1. Counting only other residues whose beta carbon sits under 15 Å from that of Thr416, what net charge do I get with K and R as +1, D and E as -1?
2. Ordering Ile501, Ile482 from largest to smallest accessible area (1.4 angstrom probe), what's the sequence?
3. Which of the trypsin sites (Lys or Arg not before Pro) across region 167-264 are loop residues per DSSP, with 14 or fewer other Cβ within 10 Å?
4. Please list 3J(HN,Hα) in residue order for region 427-439, calculated via the Karplus relation 6.51 cos²θ - 1.76 cosθ + 1.60 where θ = phi - 60°; whole Hz, with x for glycine and proline.
5. Binning at 5 angstrom from zero up to the longest distance, how are the C-alpha pair distances of region 276-509 distributed in percent?
6. Based on the inverse mean of 1/r over its pairs of different Cα atoms, what is the Kirkwood hydrodynamic radius of region 426-491, in Å?
7. Taking N as the number of residues in region 37-222, what is its Cα Rg relative to 2.2 N^0.38 Å?
8. Suppose the chain between Val337 and Phe101 were pulled fully straight at 0.36 nm per residue; how much longer would it get relative to their current alpha carbon spacing?
Amino acid sequence: MTSRAVPTNRYAIQLAVFIAFGVADLNTDSGRLTHSAHIAIGFLFGYDIGVISGCLIMPDFIRRFGQVDESGQHILSSSRQSIITSLLSAGTFVGALAQAFTSDRFGRRGSILIWSATFTIGVAIQTGTEFSIVQLTIGRFIAGLGVGALSAIVPLYNGETSPKALRGTMLTLYQLQIIMGIFLSYILDLATHRIPNSASWRVPVGLQLLLGFILLSGIFFLPESPRHLLGQTKRVEARKVLASLNGVPEDGPLVDELVDDLDYAIRAENEGGKATWAECFSPRNSLWKRTVNGMMLQFIQQLNGQNFYYYYGDTFFQTRRLSPYVIQVILGGVSVVATIPALHLIESWGRRQLLLTGALCEAACSIIAGLVGHFTLAPSNTPKDQLTTRNKQGGDTLIAFAVLHVFSFSLFWGPTPWVYLGESFPLRVRPKSIALGSATNWIWNFLLSFFAPRIAAKIGPLILLIFFGMLLVGYVYVYLFIPETRGLTLEEVDEMYRAGIKPWNSANFKPHLGQEARGKYTKEHEEKRESPSSAA
């Protein structure tokens, strides 16, 4: 009797860390990554998102890409700032949708390679720009294509290769690296903004070239997703990957069980032929509910209000005489610190509890900060020597609740929607449904950055009450519609939706159809092996 090997998660964890961190020093030994990765895919495009905000107020950047006003001074008009910043968001939206085609056609691994190269090309165009704002914005758009595509592929790939007990942690690690990338970009902007030449912005922007080349060099060591391989009927290759992910022999019974289980589920999914975009909203197996849930969580995440503090932190912190660069570093550091405990809470508390708790915490911060700011802050651009004690106390209160709000977001709503997006869809429509969720995030990121300044100019800190209302809507939506997916395989999540389990009862769901399917599939194969025709 063949002994059953005990699975280990070592390689799967290393792989998830790799895809979150990128690569540095890698080698192969029986298909294993023997060194931890250092630089994140999430880190890389988190850095890209954060770096441009500091560049927009650097003197050399303004001289090269701005205009000369009536007084002969170089300025970067609000319209030009909007173009420079929004072109990345436009690219991310397109890239998030486009990856659905490459992920199915070229596989998860090949798709990561394509879009990483696209990102690197976009960065090279930006870094090589001299005075052309057209070249700069084209580079931003091309880099955005890579950012948007990778933002969807990484949850897709990690969700398909991570062990179910650690899937939430691995996907949260991806969010942590985005935050760390943003934080580092703020630090470098702070360090270089006083340089009197183009190095002030070329250094922080150009560093992405190094990260991109390191990432590209290591992607060739990535295995393909076993679920994608089985979907392409590449059973032998899938066995090798599953054996490596679980740290067991390729010919062991555990691999047989995993392959049979996945193969049965994938065959059932593919009976209807090739999936279409319309199928993402089909009533079949509650696909429309899953797609809408993924999109809604990304929509609510963007309207949590935390971005408002990044945009207006310099006003809120004026009583402390801090520069915008220092403000960004403070908020970025808070975000990094807060995301670390989420690595544990995502599995110990579960997805629903994090979202529900976070909505209430952030709502409390929003309403208090909004009302305090409205009734105590001085008008914008008030000289610091004219600030009253009441103004300063109001500013101190806003500082406290801005930090609490950003902390709560990074702990609860920052990572969890991405975790949910990576684990909620069957293989058949997974790339397309994740693309729709990711694209929703980016389009609302664009709309928020475009409209929030205009709204805030009219109503000031009361804009935080809008976010307060959205957070209450988020709490109700999560309670009524978002099921708990902790501890389930991707196929068991599919079973839960098909069973019609109510979200508020989902934490007690016990899967069983997967075992029945595996037994049925194994029995069919045994009968075929024992039949005379098979023997002949």
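1. Numbers: positive: Arg167, Arg351, Arg352, Arg486; negative: Glu347, Glu362, Glu423, Glu484.
Neighbour charge sum, excluding Thr416 itself: 0.
2. On the way: Ile501 60, Ile482 0 Å².
Heavy-atom accessible area, descending, gives Ile501, Ile482.
3. Working: sites: Arg167, Arg194, Arg202, Arg227, Lys234, Arg235, Arg239, Lys240; in loops: Arg194, Lys234.
Here the trypsin sites (Lys or Arg not before Pro) that fit, given the DSSP loop and packing criteria, are Arg194.
4. With the stated coefficients, region 427-439 comes to 3, 3, 10, 4, x, 6, 5, 5, 4, 5, x, 5, 5 Hz.
5. Calculated P(r), rounded to whole percents: 1, 7, 14, 17, 18, 14, 10, 8, 6, 4, 2, 1, 0, 0.
6. Numbers: mean 1/r = 0.0673 Å⁻¹.
Kirkwood radius, region 426-491: 14.9 Å.
7. Details: Rg = 17.2 Å, N = 186, 2.2 N^0.38 = 16.0 Å.
Expressed relative to 2.2 N^0.38 Å, the Cα Rg reads 1.07.
8. On the way: separation 236, 0.36 × 236 = 84.96 nm, distance 3.62 nm.
Result for the pair: 81.3 nm of gain on full extension.
The values are calculated or read from the model by the stated rules, or taken from the named source; none is laboratory data. Every value quoted in this text rests on a predicted model; they were computed, and no experiment measured them. We place every Cβ from the backbone using ideal geometry, glycine too, and count neighbours over all the protein chains shown. Keep in mind that these areas ignore ligands, DNA and RNA; they rest on the heavy atoms of the full protein, side chains included. Shrake-Rupley method; radii C 1.70, N 1.55, O 1.52, S 1.80 Å.
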